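Colleague: Dumping the structure here so I can ask a few things about it.
The values are calculated or read from the model by the stated rules, or taken from the named source; none is laboratory data. Quick caveat: nothing in here was measured; it's all calculated off a predicted structure. We place every Cβ from the backbone using ideal geometry, glycine too, and count neighbours over all the protein chains shown.
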Amino acid sequence: MEKWIQKWSWDSAKQEILKKRLRIAYGVLWNMTLIALILIGTFVIFAGSAGAGYFASLVKNEDIISYNELKKDINNYEETTEVYFDNNELVGKLRSDLFRTKVKLHDISPHLKDAIIATEDEFFYEHDGVVPKAIFRALYQEFTNANMQSGGSTLTQQLIKNQVLTNELSFDRKAKEILLALRLERFFEKEEILEAYLNMADFGRDNSGRNIAGAETAAQGIFGVSANNLSIAQAAFIAGMPQSPFAYTPYTNEGTLKKDLSPGINRMKTVLRRMLSEKAITMSEYESASSEDISLQFKKGNENRHRQQYPFLTDEIEKRAKEILMEHLADEDGFLPKDLSRNSKLKSDYLTLADRELRQNGYRIHTTINKDIYEAMQQAAKNYKDYGKVNTVQKKNPDTGQQESVNEPIELGALLLENKTGKILSFVGGRDYEREQVNHATSTLRSIGSTMKPLVFYGPAIEEGFLQPGSYLADLPYEKKQVKGDSYKPNNFDRKFHGLVSAREALAKSYNVAVVRGYEKLMPSKPIKYLKKMGITSIPDEKNDFASFPLGGGGDVSVEENVNAYSTFANNGKFINAYLIESIERTDGTVIYQHEMDTEDVFSPQTAYLTIDMLRDVLSDGTGKSVPRLLNFKADWAGKTGTSQDIKDSWFVAANPNVTFGTWIGYDTNATIGTYRGKTYSRRGQEIWASLMNAAYEKNPELIAPEEPFRMPKGIAEFSYCALSGALPSDLCRQAGLVKSDLFNVKYAPGTVDDSLKTGKYVLKDGVAFEVPASAPADFVYEGPMIKQDLLDRLGFQSPEDLYKYSSDLGGLVVYSGSTLQEDGLQPSKITGVSIDGATLNWSRSNNSDVLGYRVYMSTGGTGSFVKIASLAASDGTGLTIGTAGASYYVTAVDSSGNESPPSRIAGNPAPEEAKPDDEKEAKNAETNDGAALQDASAGGIVQTDR
């Protein structure tokens, strides 16, 4: 510094001053630097201590895992869980979709070891289980709330994560992973850890489309060589796969080579570059391996790919077993099922642990499935040929992500349940597991259609005393304004309305509108509560208040749920929850789960039986009447058909005293089913149902076809009732021929006499009875039973015309208006349009408003002398069958005052130009002495059509 001062300074005094100032500045700068270094060091120590303290707080409560436990976890890749039929015969092994062959490290190519280490953990032989920078990165991410990433883990950490812990992305799990990785490195040699990793790692799919794990399985399944004989390029390809197994695998799930192999090949080249940089290979080896066309070395797709014998069954058992084990493991830790339902993360963690339990620890699962019936049903489903046409739809390829055209056949779901126990004896999950792995019997939710009617209307309505089998419903046009302003107008399948129909008939024929009208009155009692008691809990409560609900509107259920609900009726009103797994035990015989029957009282035995009795009619004279003819055996069946909107789903569910069985058919994409080979969707669905039942019957006749019918409980008796009201028959009801009988719950048996009828004299106008005016002509005055007007109001008829239009079984009864017909005081106009067509005399309707009817006059032998042969009410029409040849006729109209119109033109042979009665006396005789004239006409073969 002094030389510098001397060089640039010429005054000694100034030099001394400059020296002093520089020394002071230097000292200040040095002290500040020291202070900064001390502060930084202090912060680093504090941050490190805080991080270490936080890390310690996360793992302080962790149990110390012993050497033996760690060894079991990292080497126990899969101790197979076995599954058994109800006769203890082996179904198979779970998780058989993941194939793995264990191999020792010395039997694995050094190229693969080097490739894995260079790609996944370059400091594998240097670290003690973790890389410090990864810990600090995790701390930084935690405290800065950055996105948690799992990258950068060592092979040891990956082994801990996959074999000991879960895959959740949380710092708590990461802390446990670090702690266990450090502990694992203390206990095990590097070669042991590497061997475990190479046997554990996921390598995508093989040439059969199977999911594979482990180096040996990958080498054999992709290149057809053992792991010990892998070339550098082959080793690099396999080593690159664990990062994203299904993106880099060269095979589809069908076992065919992908069209685009570039992702896996590019990944292989990345691995080769890392191997070169880590000096695991030479430049010449790198160039040689990089230039290889690895795609030529892939094994061809295996057309005879492995197939599980019972794939739908093993998948379903695994799913249910995991849920059972999840609750078992949670219970051991003090958690209740409700805790799992409230906390999705907690449930996910325990489900993962349960999955690992099944995969690694080995269990024996005993099921309720009857092997013979199950196999017979699968074969029967395969043999049926008339499912329907195969549609072409666009579907996303799971491997490429691209939309492509695929064939979509009609699918099938079916399930057989034992009533008294709830055992699922058999099911059909679908037609082809290789095409679609979804279980259409247990997992697919579809619109329930009309099979909903007994569950939320007929059963609840009988239970509430709202109706009995003989109660009458109004199947009339219905319209209800919706919130959005449009209208809901349900219709029946035949596009007709049927007026007054009994509940029994409405159910058998599956009339929609009658149910909607009845349900609207039942709705306030919340019938959805019965549905929930029968195990269908996924439908929201607000659906209860939709008029379309009993027709299946908004009711999506699985086949299992529907069948289980119907078994309630067969179980005397008691719901018994369906189940598939009888027990689960460890390999040492310790039972950790034993099924316990779960039941709930839903309906009284009386309600259950009455509903069953009504459902019998579906098969005897209703929408399912073809079923008994399709079966090879007889049993006391009671069931219901069901169709969803636009015919996208077709159901048939039926029960006998032993079993309940249901089927569903439809397209996965909710397309319309339609007619196929001249068979309706309903016919095909019932043929499938019967085919599967016939197959089951051949294997176990005593179970499928019990000799005993459903037994009627006490408290049910047959009562006579008046068909108009459901009340006890009155004399008038008997006189009208409207007495019927049916079964009743005696608690709700009719206790009052019908009062819907009255009797007396009346005149008719347009089918309605009016008071008899004093001047009314005697031949248009009637006497007998009449329907009171208030009955129409109770039944929902808008007018008498609606009653006549839609009801054909009224015994000729008319509605009493309770008033006198208004008269216009004018003589009726002359009738026109008189003609003879064969044996029928026709004329045009009178335009006068108070006309009661028509008189028909006849002349024989060409004498021109006419006598009255008939008096017809206007509501009887404008025609009369005639039986005398060579006669002439004319017609007049008669009003309520007795006024008669001029004679019409004469029709017949001979036909004078104008009708001219002999004299006024004869004309008056024609009016007043109609009884004698009618007697004469009757002798001549004329039939009067009055009431």
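Colleague: Just to be sure before I move on: is residue 289 more than 35 Å from the chain's Cα centre (by Cα), part of a loop (DSSP other than H, G, I, E, B) and closer than 19 Å to residue 111 by Cα in the structure I sent?
Modeller: Numbers: more than 35 Å from the chain's Cα centre (by Cα): yes; part of a loop (DSSP other than H, G, I, E, B): no; closer than 19 Å to residue 111 by Cα: yes.
Spelling it out, it is not the case that residue 289 is more than 35 Å from the chain's Cα centre (by Cα), part of a loop (DSSP other than H, G, I, E, B) and closer than 19 Å to residue 111 by Cα.
Colleague: Additional query: May I ask you to say which residue of 552, 573 is touching a strand residue (DSSP E or B) at 6+ places or on another chain (Cβ under 7 Å), of a type in the set (Gly, Ala, Ser), within 22 Å of residue 509 (Cβ to Cβ) and assigned by TED's automatic domain parsing to the domain that holds residue 479? Working first, answer last.
Modeller: Details: 573 fails: within 22 Å of residue 509 (Cβ to Cβ).
One residue alone meets the criteria, 552.
Colleague: Which residue is surrounded by the most Cβ atoms within 10 Å (Cβ to Cβ), if the candidates are limited to the range 504-534 and must be among the hydrophobic types (A, V, I, L, M, F, W, C) and farther than 20 Å from residue 617 by Cα?
Modeller: 531
Colleague: Going by the structure shown, is residue 414 more than 30 Å from residue 676 (Cβ to Cβ), touching a His at 6+ places or on another chain (Cβ under 9 Å) and buried (at least 18 other Cβ atoms within 10 Å of the Cβ)?
Modeller: no
Colleague: Can you confirm whether the range 491-503 contains a residue that is surrounded by 24 or more Cβ atoms within 10 Å (Cβ to Cβ), in the same structural domain as residue 645 (by TED's automatic domain parsing) and within 30 Å of residue 558 (Cα to Cα)?
Modeller: Within the range 491-503, one or more residues are surrounded by 24 or more Cβ atoms within 10 Å (Cβ to Cβ), in the same structural domain as residue 645 (by TED's automatic domain parsing) and within 30 Å of residue 558 (Cα to Cα).
Colleague: Which helices (runs of 4 or more DSSP H) does the range 120-205 wholly contain that include 1 or more residues that are at pLDDT below 85 and in the same structural domain as residue 223 (by TED's automatic domain parsing)?
Modeller: Numbers: elements: 132-143, 155-163, 171-187, 190-200.
Ranges flagged: 132-143, 155-163, 171-187.
Colleague: Answer yes or no: is there a residue in the range 823-830 that is over 58 Å from the mean Cα position of the chain (by Cα), surrounded by 13 or more Cβ atoms within 10 Å (Cβ to Cβ), within 21 Å of residue 908 (Cα to Cα) and in the same structural domain as residue 885 (by TED's automatic domain parsing).
Modeller: no
Colleague: When you go through (1) at positive phi; (2) assigned to a strand (DSSP E or B) one by one for residue 825, which number turns out not to apply?
Modeller: (2)
Colleague: Here is a check on your reading of the model: is residue 343 under 30 Å from the mean Cα position of the chain (by Cα), modelled with pLDDT under 90 and surrounded by fewer than 19 Cβ atoms within 10 Å (Cβ to Cβ)?
Modeller: Yes; evaluated as a whole, the condition is true for this residue.
Colleague: With (1) under 30 Å from residue 678 (Cβ atoms); (2) outside any loop (DSSP other than H, G, I, E, B) as the list, and residue 435 as the residue in question, which single condition is left unmet?
Modeller: It is condition (2) that residue 435 fails.
Colleague: Just to be sure I understand, how many residues within the range 346-383 are without any contact (Cβ under 8 Å) to a residue 60 or more places away in the chain and not small (Gly, Ala, Ser)?
Modeller: Residues meeting the conditions: 10.
This table checks each residue for (1) within 25 Å of residue 88 (Cα to Cα); (2) polar (S, T, N, Q); (3) modelled with pLDDT under 85; (4) buried (at least 19 other Cβ atoms within 10 Å of the Cβ).
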site	(1), (2), (3), (4)
328	yes, no, no, no
355	yes, no, yes, no
365	yes, no, no, yes
369	yes, no, no, yes
372	yes, no, no, no
378	yes, yes, no, yes
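Colleague: Hey, does the range 220-235 have a residue that's under 20 Å from residue 115 (Cα atoms), in a loop (DSSP other than H, G, I, E, B) and of a type in the set (Val, Ile, Thr)?
Modeller: yes
Colleague: Only one of (1) modelled with pLDDT of 95 or more; (2) of a type outside the set (Gly, Ala, Ser); (3) surrounded by fewer than 24 Cβ atoms within 10 Å (Cβ to Cβ) is not met by residue 610, so which one is it?
Modeller: Of the numbered conditions (1) modelled with pLDDT of 95 or more; (2) of a type outside the set (Gly, Ala, Ser); (3) surrounded by fewer than 24 Cβ atoms within 10 Å (Cβ to Cβ), the odd one out for residue 610 is (3).
Colleague: Just for the range 859-872: of the residues that are out of contact with any helix residue (DSSP H, G or I) (no Cβ under 7 Å at 6 or more places or on another chain) and in contact (Cβ under 8 Å) with a residue 24 or more places away in the chain, which one is surrounded by the fewest Cβ atoms within 10 Å (Cβ to Cβ)?
Modeller: 861
Colleague: Can you pull out the residues in the range 237-286 that are part of a loop (DSSP other than H, G, I, E, B), of a type outside the set (D, E, K, R) and without any contact (Cβ under 8 Å) to a residue 40 or more places away in the chain?
Modeller: 244, 261, 282
Colleague: Continuing with this model, one more query. Return yes when residue 458 is assigned to a loop (DSSP other than H, G, I, E, B), of a type in the set (Ser, Thr, Tyr), in the same structural domain as residue 562 (by TED's automatic domain parsing) and touching a helix residue (DSSP H, G or I) at 6+ places or on another chain (Cβ under 7 Å) and no when it is not.
Modeller: In short, no.
Colleague: Of the residues in the range 773-805, how many are polar (S, T, N, Q) and modelled with pLDDT of 80 or more?
Modeller: Within the range 773-805, residues that are polar (S, T, N, Q) and modelled with pLDDT of 80 or more number 2.
Colleague: Could you tell me whether residue 322 is among the charged types (D, E, K, R) and surrounded by fewer than 18 Cβ atoms within 10 Å (Cβ to Cβ)?
Modeller: No.
Colleague: Right, something else. Going through 78, 69, 82 one at a time, which residue ends up being at pLDDT below 70 and either in contact with a strand residue (DSSP E or B) (Cβ under 7 Å, 6 or more places away or on another chain) or not aromatic (Phe, Trp, Tyr) (or both)?
Modeller: After applying the criteria, what remains is 78.
Colleague: Related question: Can you tell me which residues in the range 533-549 are part of a helix (DSSP H, G or I) and at pLDDT below 95? It would help to see each step written out before you state the result.
Modeller: Here is the first cut: in the range 533-549, the residues part of a helix (DSSP H, G or I) are 533, 541-545, 549.
Within the range 533-549, 541, 542, 543, 544, 545, 549 meet the criteria.
Colleague: So which pairs qualify, if the first residue must be in the range 538-563 and closer than 22 Å to residue 513 by Cα and among the aliphatic types (A, V, I, L, M), the second must be outside any helix (DSSP H, G or I) and at pLDDT below 95, the Cβ gap must be under 7 Å, and the two must be at least 6 apart or on different chains?
Modeller: 547/480; 547/488; 551/490
Colleague: Looking only at residues that are at pLDDT 90 or above and among the polar types (S, T, N, Q) in the range 698-755, which one is nearest to residue 787 (Cα to Cα)?
Modeller: Restricting to residues being at pLDDT 90 or above and among the polar types (S, T, N, Q), the top hit is 730.
Colleague: Of all residues in the range 595-620, which are among the small types (Gly, Ala, Ser) and in a helix (DSSP H, G or I)?
Modeller: Initial filter on the range 595-620 (among the small types (Gly, Ala, Ser)): 604, 608, 620.
Listed by number, the residues that qualify are 608, 620.
Colleague: Determine if the range 873-882 includes at least one residue that is outside any loop (DSSP other than H, G, I, E, B) and modelled with pLDDT under 85. Steps first, answer last, please.
Modeller: So the first thing to find is which residues in the range 873-882 are outside any loop (DSSP other than H, G, I, E, B), and the list is 873-876, 879-881.
Right, trim to modelled with pLDDT under 85 and you get 875-876.
The answer is yes, given that some residue of the range 873-882 is outside any loop (DSSP other than H, G, I, E, B) and modelled with pLDDT under 85.
Colleague: Testing residue 865 on (1) in a strand (DSSP E or B); (2) over 60 Å from the mean Cα position of the chain (by Cα), one condition comes back false. Which one is that?
Modeller: Among (1) in a strand (DSSP E or B); (2) over 60 Å from the mean Cα position of the chain (by Cα), the lone unmet condition for residue 865 is (1).
Colleague: I'd like to check something: does the range 847-857 contain any residue that is surrounded by fewer than 18 Cβ atoms within 10 Å (Cβ to Cβ) and touching a residue at least 60 places away in the same chain (Cβ under 8 Å)?
Modeller: For the range 847-857, residues surrounded by fewer than 18 Cβ atoms within 10 Å (Cβ to Cβ) and touching a residue at least 60 places away in the same chain (Cβ under 8 Å): absent.
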